[in-house]
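Just so it is clear, none of the values below were taken in a lab; they were calculated from the coordinates. Bear in mind that the values here come from a model prediction, so they are computed numbers and not experimental data. Here the Cβ positions follow ideal geometry from the backbone for every residue, glycine too, while neighbour counts run over all protein chains shown.
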Amino acid sequence: MAAPALADTPMPLTYEVFETAVAHVDLQTCPAELARDEVFCRATLNHDEVHVFAFSFDGDSPMIGFATYPMPAIPAGAN
């Protein structure tokens, strides 16, 4: 069995890696807590939570923020 390779220093999560590895949706705007100039956001769903990732437009577009929100309740019978 192969042993995992671990780096001495953490590597930033770039948007290029995130885009190919994580199923997500593009957000037109970032939530207020993550919004600032030169930032774009993507969202994922996991059970009853929405995870929002903020990436910088600078350089390799590293992840610079993250927030989790409860999934809004969807009324019964909604399509």
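The GluC sites (Glu not before Pro) of region 9-64 that meet both conditions, a loop assignment by DSSP and at most 13 other Cβ atoms within 10 Å of the site Cβ, are GLU33, GLU38. Amide hydrogen proximity for ILE64: with H placed 1.01 Å from N in the peptide plane, the residues at 5 or more positions away or on another chain lying under 5 Å are ALA54, PHE55, SER56. Amide H contacts under 5 Å for VAL50: TYR69, MET71, restricted to partners 5 or more places along the chain or on a different chain, H placed in the peptide plane at 1.01 Å from N. Diffusion of region 8-79 by Stokes-Einstein, at 37 °C in a medium of 0.692 mPa s and with Rh set to the Kirkwood radius over alpha-carbon pairs, works out to 246 µm²/s.
Phi angles of region 55-66 translate, via the Karplus equation with coefficients 6.51, -1.76, 1.60 and θ = phi - 60°, into HN-Hα couplings of 10, 7, 6, 6, x, 8, 6, x, 5, 10, x, 7 Hz per residue; Gly and Pro are given as x. Along region 12-20 the Karplus relation, 6.51 cos²θ - 1.76 cosθ + 1.60 evaluated at θ = phi - 60°, assigns HN-Hα couplings of x, 7, 8, 5, 4, 5, 4, 4, 7 Hz to successive residues, with x for each Gly and Pro.
May I ask you to list the residues of region 50-74 whose amide nitrogen lies under 17 Å from a point 7 Å from Cα along the Cα→beta-carbon direction of MET11? In region 50-74, the label zone of MET11 (backbone N under 17 Å from the point 7 Å along Cα→Cβ) covers 60-64.
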